[in-house]
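Worksheet: the structure to be examined is printed underneath.
The values are calculated or read from the model by the stated rules, or taken from the named source; none is laboratory data. Quick caveat, the model's predicted, so the values are computed rather than measured. All Cβ positions, even for glycine, are placed from backbone atoms using ideal geometry, and neighbour counts span all protein chains on display. The area values use the complete protein model at the heavy-atom level, side chains included, leaving out ligands, DNA and RNA. Shrake-Rupley method; radii C 1.70, N 1.55, O 1.52, S 1.80 Å.
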Amino acid sequence: MDGAMRVTVGVDGAGVAHVEMCREKAGNAIDLAMAQGLLDAARSCRRADVRAVLLTGQGRSFCVGGDLREFAGLSGERLAAHLTAVTDALHGALRVFAGLDAPLVAAVQGAVAGAGVGLAAAADLTIAASDATFTAAYTGIGYSPDAGVSWSLPRLVGPKRALDLLLTNRRVPSAEAARMGLVSRVVATDRLPEEAAHAATALARGATGALGATRRLVAGALSTGLDAHLDVEARHLAAAAVSAEGREGVDAFLAKRRPDWSGPRMDS
């Protein structure tokens, strides 16, 4: 099965790209084809200039991590080369999603493990079903993390909690994941599709350029000193203010109406 069959992507009328992992029987485990499918989907979102991305996993689990059955069939240099190919594609997808102006929303349910945690952590909004559980899993099989997990977890939950999760591989229920900052909010399992779609659509109606600038500002905040970060903020704000989106936002505020950022992207 090729990547296009592992991962589907379609853009709705609101400009939301619906990206779905489609290995339900395997818990959406990430094999090479799945990783390549995610990269292809991310690139198609970039080409389509979408306004928001909604990432979901088919079936009972969002993503159980890497496909260990595929990995177990290889050894030595072949295994190392295969894992490099998987991570190159998966990390490429994460890089593309991170570089979009469009916010990334993840709707997660059931088992979220290994690289599944990385995908959930990479989202700007992570909406978890009440039945979701999170397990780092890597060191439990003698592996170290990928999918940005060792980068994102310390930033989301702090270094001590990150090490707790990464070294012990304890299973974290969705309510605790929300308290520690791993997920944005928790909803009833049967409400997850509706709540996630609503969140993505609301973001798609926003000022996409300003949302993209905000994503980049927050992403860079922990690696930039205050002095330099204030300069970057000032440059982004000035650019936003003179853009078509910025002008529409101010005009709408002064006219006491809702801003209209729908339709094609409003370029400055």
>> As a test of reading the structure, rank ARG235, ARG258 by solvent-accessible area (1.4 Å probe, protein chains only), most first.
In response: ARG258, ARG235
> Per-residue HN-Hα couplings for the range 126-138, Karplus 6.51 cos²θ - 1.76 cosθ + 1.60 at θ = phi - 60°, whole Hz, x for Gly and Pro?
Replying inline: 10, 9, 10, 6, 5, 8, 6, 9, 10, 9, 5, 6, 4
>> Can you compute the label reach from LEU79? Point 7 Å from Cα along the Cβ direction, backbone N cut-off under 12 Å, restricted to the range 33-69.
In response: 68-69
>> Taking amide H atoms as placed 1.01 Å from N in the peptide plane, list the residues 5 or more away in sequence, or in a different chain, whose amide H sits under 5 Å from that of LEU54.
In response: ALA17, HIS18, VAL19, VAL105
> About its Cα centre, how strong a charge dipole does the chain have in debye, to the nearest 20, once Lys and Arg get +1 and Asp and Glu get -1 at the Cβ?
Replying inline: 360 debye
> To the nearest 10 degrees, how steep is helix 208-221 against the longest Cα principal axis of the chain, on a 0 to 90 scale?
Replying inline: 60 degrees
> What residue among GLY15, GLY66, GLY158 shows peak mean-square fluctuation when the chain is described by a Gaussian network model with Cα springs under 10 Å?
Replying inline: GLY158
> Tally Lys/Arg at +1 and Asp/Glu at -1 over every other residue whose Cβ is under 12 Å from the Cβ of LEU165; what's the total?
Replying inline: +2
> Taking the Cα centre of the range 91-188 as the origin, how large is its charge dipole in debye, to the nearest 20, when only Lys and Arg (+1) and Asp and Glu (-1) carry charge on their Cβ atoms?
Replying inline: 240 debye
> What residues qualify as long-range amide H neighbours of THR126, i.e. H under 5 Å apart, gap of 5 or more or another chain, H built at 1.01 Å from N?
Replying inline: ALA106, SER184, ARG185
>> Once ligands and nucleic acids are excluded and a 1.4 Å probe is used, how much of THR189 is accessible, expressed in Å² to the nearest 10?
In response: 60 Å²
> Rounded to the nearest 5, what % of the DSSP beta bridges within the chain are antiparallel ones?
Replying inline: 25 percent
> Pick from GLU248, GLU77, GLU24: which is most flexible by mean-square fluctuation in a GNM of the chain where alpha carbon atoms under 10 Å apart are linked?
Replying inline: GLU77
> Cα centroids of the range 23-60 and the range 112-156: how far apart, whole angstrom?
Replying inline: 16 Å
> Within the accessible area of the chain, what % is carbon and sulfur when the probe is 1.4 Å and the other protein chains stay in place?
Replying inline: 57 percent
> Taking Cα atoms, how many degrees apart are the long axis of helix 32-48 and the longest axis of the chain, rounded to 10 and kept between 0 and 90?
Replying inline: 10 degrees
> Taking the Cβ of ALA188 as the center, what net charge do the other residues with Cβ under 11 Å away carry, scoring Lys and Arg +1 and Asp and Glu -1?
Replying inline: -3
> Comparing LEU211, LEU222, LEU192, which has the greatest mean-square fluctuation in the GNM of the chain with Cα pairs linked when under 10 Å apart?
Replying inline: LEU222
> For ALA219, what charge total do you get from the other residues with a beta carbon under 10 Å from its beta carbon, if Lys and Arg give +1 and Asp and Glu give -1?
Replying inline: +2
> Expressed as an acute angle from 0 to 90° and rounded to the nearest 10, what is the orientation of the C-alpha long axis of helix 159-168 relative to the principal long axis of the chain?
Replying inline: 30 degrees
